[in-house]
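Asks: Got a structure for you, written out below as structure tokens; questions coming shortly.
The values are calculated or read from the model by the stated rules, or taken from the named source; none is laboratory data. Worth saying up front: this structure is predicted, and the values here are computed from it rather than measured. Here the Cβ is made from the backbone with ideal geometry for all residues, glycine too, and neighbour counts use every protein chain on show.
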Amino acid sequence: MPIPFEQLLQGRPVFVNVGVRGFGDSLDEAGFEVIHLDWSPPAGGDARMAELLDDLL
Amino acid sequence: MVRTTVIRKNRYFDSVFLMLAARRIKAQPGIADASALLATAANREVLAAMGYGGAELAGAGPGDLVLALEGEEAAVAAIAADPEAWLSRGSGPGPGAAPEPRSFTEAVAARPACSVAVISVPGAFAAREARAALREGLNVFLFSSNVSVADERSLKLEARERGLIVMGPDCGTAFLCGAGIGFANAVRRGPIGMVGSTGTGMQEFSSLAHQAGSGISNGIGTGSRDLADAVGGISTMAGIEALENDPGTQVIAVLAKPPEPAATARLVARLGRCRKPVVLCLLGAEVQGTGRIRTAATIDEAVALALVAAGAEPSAQLRPDDRAMGEQAALLAGQLRPEQRHIRGLFAGGTLCYQSQAVFRKAGLVLRANSPLRGMLELPDPRVSRGSCFVDLGAELFVEGRPHPMIDATLRGQRLEQEGQDPTVAVILLDFILGAMASRDPVGDLLGAIGGVQDAARRRGGRILLVASVTGTGDDAQGLQAQTRALVEAGVLVLPSNAQAAAFCREIMLRIAQRKEVD
């Protein structure tokens with residue numbers, strides 16, 4: 001269920017963190033709910049290949 | 001001494017984890033230097049410049065991890081034999097924890113209340129992840145840089161279509177309902193809403209507002225290019241609108257580096273229709289305030305105006321005593337040797353470098369910078385200081401392949417020691433930025449280099465004036481008071497804000513210039 005941006009300013013955000021883990025950890029330490037994604041570069045790190053694969057899907 | 005690289009195929013770790021892993025390896029006996037990097041093209045170049053080579057490194061790609069090791073043969077061999085031992089701590093869920101979702105789709109399925117994606121993957125993949133997050137109905141905080149302008153615009157248009165926002169790319173800081181996202185300080189909630197294209201500017205603003213007893217309702221980061229014509233200010237406008245409708249926001253502060261004239265005009269026109277009082281701080285640009293828009297030349301002024309608009313008193317520290325400052329500047333300038341006539345500014349915060357230039361320009365003083373404000377001169381090689389100059393050490397050139405100077409002080413420390421060797425240097429201006437994601441001890445990281453500068457000046461029979469500001473609050477993990485005290489005890493002159501530290505330096509430099517004229 002998407003939470004439009006303006007409503008977001010009224011509630012308590014729940015975060016999904018991908019990339020630098022510390023970004024999520026500091027939100028977690030501040031008492032906010034954070035879900036970390038287990039991420040690795042798609043297509044073995046080849047951005048162009050990842051784009052081509054995206055186009056196929 | 002031997003040098004070797006160890007490649008691990010398809011292993012992703014974030015840059016901060018890798019910096020810490022490299023630090024742990026470097027601290028081992030017999031290891032002279034260690035880097036842990038993803039084998040992006042830029043990082044492979046960095047390693048080549050450091051003297052690493054070989055077919056295996058040349059064949060590695062951006063999804064592969066490289067450990068580059070230099071030291072005594074036995075020590076290097078020991079690390080190379082068991083690299084996993086250095087890569088297994090601190091990154092990933094704890095033992096026994098449930099497996100983490102691998103996509104936004106999985107995350108939203110598991111926890112439908114998810115509302116904000118915080119994305120800091122390498123730039124080449126950032127737009128892809130941001131798009132995936134938007135399609136799952138998530139608002140996006142996009143820290144990653146190196147996203148094309150075309151991708152930025154299309155992401156922001158898609159977000160607008162869906163009633164969402166993209167804060168970024170290249171967005172350092174935001175505050176949503178009391179959550180500081182990215183590089184953010186521990187500030188209380190209050191009546192002032194911020195919209196900003198400048199992360200360190202928002203940190204300085206929110207910290208000063210907190211120190212004055214006020215606080216931040218929400219702070220919307222937009223990314224550094226949002227106001228550029230090619231992007232069209234989509235997130236800035238969305239942020240203004242949201243704060244206008246936010247009952248917790250009484251006054252809206254807009255902070256940005258000066259955009260192109262047409263974008264400035266559009267922004268001023270939009271703000272002119274705002275139902276709430278607005279403070280506009282376009283660092284380095286002169287804009288006339290009209291109607292409900294109050295304009296500020298510095299972040300301090302913006303905070304003072306916002307406090308007044310919210311019905312509070314500006315704190316004493318936002319109203320410096322110019323006369324006392326001038327007298328102290330004259331006294332200090334009088335203690336310098338005749339050959340000392342240059343200032344060097346070494347900044348971790350890009351916006352603070354910019355603001356410091358604006359403070360100097362106001363008095364007609366011209367200097368060099370690697371990101372010069374209109375009227376200032378370009379520093380031809382940012383790695384080499386020339387005359388009086390301000391260097392933003394967070395510029396792309398310096399962060400290629402290594403973490404930002406707010407996290408890793410190594411480069412700034414080395415540069416500081418170099419400045420100490422230059423007998424023409426009179427003043428060095430520094431900024432220290434506290435808060436989440438920043439170094440746990442930004443001042444402590446540079447105390448050795450500060451001592452080195454002072455020793456070098458002393459050996460020449462004089463002193464170099466070190467002037468600094470600390471951006472942060474008493475509630476930050478590093479502690480504003482503790483960090484300030486450490487600077488004062490080291491003999492650094494600390495002012496309550498970057499604008500005031502720059503103004504103090506400017507007064508000293510004006511006295512030095514007068515001294516030259518009298519001579």
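Asks: Confirm whether B:A242 is surrounded by fewer than 24 Cβ atoms within 10 Å (Cβ to Cβ), over 27 Å from B:L480 (Cα atoms) and at pLDDT below 95. Can you show your working first?
Replies: Details: surrounded by fewer than 24 Cβ atoms within 10 Å (Cβ to Cβ): yes; over 27 Å from B:L480 (Cα atoms): yes; at pLDDT below 95: no.
Considered against the rule, which asks whether it is surrounded by fewer than 24 Cβ atoms within 10 Å (Cβ to Cβ), over 27 Å from B:L480 (Cα atoms) and at pLDDT below 95, B:A242 comes out as no.
Asks: Sort through B:A130, B:A174, B:A179 and tell me the only one that's among the small types (G, A, S) and either more than 27 Å from B:D229 (Cβ to Cβ) or surrounded by fewer than 24 Cβ atoms within 10 Å (Cβ to Cβ) (or both).
Replies: Details: B:A130 fails: either more than 27 Å from B:D229 (Cβ to Cβ) or surrounded by fewer than 24 Cβ atoms within 10 Å (Cβ to Cβ) (or both); B:A174 fails: either more than 27 Å from B:D229 (Cβ to Cβ) or surrounded by fewer than 24 Cβ atoms within 10 Å (Cβ to Cβ) (or both).
Criteria check complete, one pass: B:A179.
Asks: The conditions are (1) closer than 27 Å to B:D445 by Cβ; (2) modelled with pLDDT under 95, and B:P320 fails exactly one of them. Which is it?
Replies: It fails just one condition, (1).
Asks: Any residue at all in region B:227-237 that is at pLDDT 95 or above, of a type in the set (V, I, T), in contact with a Ser or Thr (Cβ under 7 Å, 6 or more places away or on another chain) and assigned to a helix (DSSP H, G or I)?
Replies: yes
Asks: Scan B:S145, B:S88, B:S103 and give me the residue that is surrounded by 18 or more Cβ atoms within 10 Å (Cβ to Cβ) and of a type in the set (S, T, Y).
Replies: On the way: B:S88 fails: surrounded by 18 or more Cβ atoms within 10 Å (Cβ to Cβ); B:S103 fails: surrounded by 18 or more Cβ atoms within 10 Å (Cβ to Cβ).
That would be B:S145, the only listed residue that is surrounded by 18 or more Cβ atoms within 10 Å (Cβ to Cβ) and of a type in the set (S, T, Y).
Asks: Please work out which residue is nearest to A:W39 (Cα to Cα), limiting yourself to region B:95-109 and to residues that are facing another protein chain (nearest Cβ under 7 Å) and outside any loop (DSSP other than H, G, I, E, B).
Replies: Per the criteria, the residue is B:F104.
Each row is one residue, and each column tells you yes or no for (1) touching a residue at least 60 places away in the same chain (Cβ under 8 Å); (2) surrounded by fewer than 18 Cβ atoms within 10 Å (Cβ to Cβ).
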{"residue": "B:R440", "(1), (2)": "no, yes"}
{"residue": "B:G451", "(1), (2)": "no, yes"}
{"residue": "B:G472", "(1), (2)": "yes, no"}
{"residue": "B:L487", "(1), (2)": "no, no"}
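Asks: Still on this model: In the set B:A124, B:A133, B:A159, which member is part of a helix (DSSP H, G or I), within 10 Å of chain A (Cβ to nearest Cβ), within 20 Å of A:E33 (Cα to Cα) and touching a helix residue (DSSP H, G or I) at 6+ places or on another chain (Cβ under 6 Å)?
Replies: B:A133
Asks: I need the full set of residues from region B:1-46 which are within 14 Å of chain A (Cβ to nearest Cβ), assigned to a loop (DSSP other than H, G, I, E, B) and under 20 Å from B:S439 (Cα atoms), in order please.
Replies: B:F13, B:D14
Asks: Also: Select from region B:47-78 the residues that are within 31 Å of the chain's Cα centre (by Cα), assigned to a helix (DSSP H, G or I) and under 16 Å from B:K26 (Cβ atoms) and list them in ascending order.
Replies: Of everything in region B:47-78, just one residue is within 31 Å of the chain's Cα centre (by Cα), assigned to a helix (DSSP H, G or I) and under 16 Å from B:K26 (Cβ atoms), namely B:L47.
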